[in-house]
Amino acid sequence: MLPMLEPDGPTTADAEVQAVKAALYSLDSTGEAMGRVLRETIDQLLDGQRMGRWDYEQLHKTEKTHLGTLVEINIYKEFGLAEGEKADYLIDGIEVDCKYAKGIGKWEIGPELVGYVCLVVTADDRAGTWRAGLVRASEEHLRSTENRDRKRRLNPVGIAAVSWLWGGENRLAPNQLLRMDEEKRTRIMHAKGKVKNQHGQARINQLFIECQREVIRRVTIETVGHGLKDPLKRARGNGGARDHLRRLGILVLGHQESDPMIARTLGLGIPGKGEFVSVQVVPAPGPPDERPAALIQGSYWVAADGDYEPGTWAPEVRPRKAKADDS
């Protein structure tokens, strides 16, 4: 049984652990960058745009073993760390080795790292959580048993000694396809176009039909549109989902032009770069009800609430005209 995990770790201070902690906080005061690195690293390994994968369990065994190496490399790049002589990093003059495992206490520590400070990291894509902490890999913190590679894990004392960073457990940006209802995901991933080369567009169209009022992350669109050269293009106008879905009364809004303002006015999440949000709309009723109304092309529209009439097209959200002083 694992010991209780305290957000701030042990009360007995290790001077080097505290120095490394201070250095990391100076680079990332909130943990936002670390969380982003972990999300992007998992997405990198899943390689959704090429492979159409969204679940860690879809990876081959050899790919799973590579995740720890990618985490170590991407943390190194994100924070501009120096390389250590024996360990992965040199942080504030202290050798620090990075250890990633899928679960707490599963980090494998080799004999060459006994006595060194370790940055221990874990992430759970299904739970949507991650943790990072610092601990010294001392003999008193390690199990006596070794695996065939002579590596050891932390014992209960060692786990309790971890100084957790950024408050302990943090939220991992959601893996939208993984957390999606299975039937909904199946409808999206199995959508077919009228001809073979339109299947990717059909999947992206279905994504915006199924997942309305939710800001869709770039990687989700890329995974749904796997095999396409430019999946994001298929979400926009000029023959993409924005045009295809107007006939169903669905707006597809991105991060440019008037789109964010319309999304905000309709009470939707605001898409960031590479993100989109969809919503079925109807002409604003008269007299108006409690729904917020957005002015689009001279008419007011509200999010549909069971009052959509088939055959009602969504308005066309046109790019604003460039002004003479626009750059």
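The values are calculated or read from the model by the stated rules, or taken from the named source; none is laboratory data. Fair warning: this is a prediction, and the values are worked out from it, not measured in the lab. Counting neighbours? That spans all protein chains shown, and the Cβs are built from the backbone with ideal geometry, glycine included.
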Practice item. Among residues belonging to the stretch 99-152 that are in a strand (DSSP E or B) and among the small types (Gly, Ala, Ser), point out the one that is farthest from residue 83 (Cα to Cα). Key: 123
Practice item. Could you check, for the stretch 186-209, whether at least one of its residues is farther than 22 Å from residue 247 by Cβ, at pLDDT 95 or above, basic (Lys, Arg) and touching a helix residue (DSSP H, G or I) at 6+ places or on another chain (Cβ under 9 Å)? Key: no
Review point. Charged (D, E, K, R), surrounded by 14 or more Cβ atoms within 10 Å (Cβ to Cβ), assigned by TED's automatic domain parsing to the domain that holds residue 199 and within 30 Å of residue 48 (Cα to Cα) - does that describe any residue in the stretch 255-262?
Key: yes
Revision key, fill the gap. Within the stretch 167-197, residues under 26 Å from residue 28 (Cβ atoms), of a type in the set (A, V, I, L, M, F, W, C) and not in a loop (DSSP other than H, G, I, E, B) come out as 178
Review point. Which one of the conditions (1) assigned by TED's automatic domain parsing to the domain that holds residue 126; (2) at pLDDT below 95 does residue 163 fail to meet, given that it meets all the rest?
Key: (2)
Point to revise | Within the stretch 47-64, tally of residues that are in a helix (DSSP H, G or I) and in contact (Cβ under 8 Å) with a residue 60 or more places away in the chain | key: 5
Check your understanding: Among (1) under 25 Å from residue 180 (Cβ atoms); (2) more than 17 Å from the chain's Cα centre (by Cα); (3) not in a helix (DSSP H, G or I), where does residue 96 come up short?
Key -> (1)
Exercise for review: Kindly provide the set of residues from the stretch 186-216 that are crowded, with 19+ Cβ neighbours inside 10 Å, over 14 Å from residue 234 (Cα atoms) and touching an Asp or Glu at 6+ places or on another chain (Cβ under 9 Å), ordered by number.
Suggested key: 188, 215
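Out of all the residues in the stretch 230-263, which are of a type in the set (Lys, Arg) and either in a loop (DSSP other than H, G, I, E, B) or in contact with a Pro (Cβ under 9 Å, 6 or more places away or on another chain) (or both)?
Residues satisfying the conditions are 236, 246.
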Exercise for review: Select, from 187, 131, the only residue that is of a type in the set (Lys, Arg) and outside the structural domain of residue 211 (by TED's automatic domain parsing).
Suggested key: 131
Practice item. Note down all Cβ pairs under 9 Å where the first residue falls in the stretch 199-215 and is assigned to a helix (DSSP H, G or I), the second is acidic (Asp, Glu), and they're at least six residues apart or on different chains. Key: 210/181
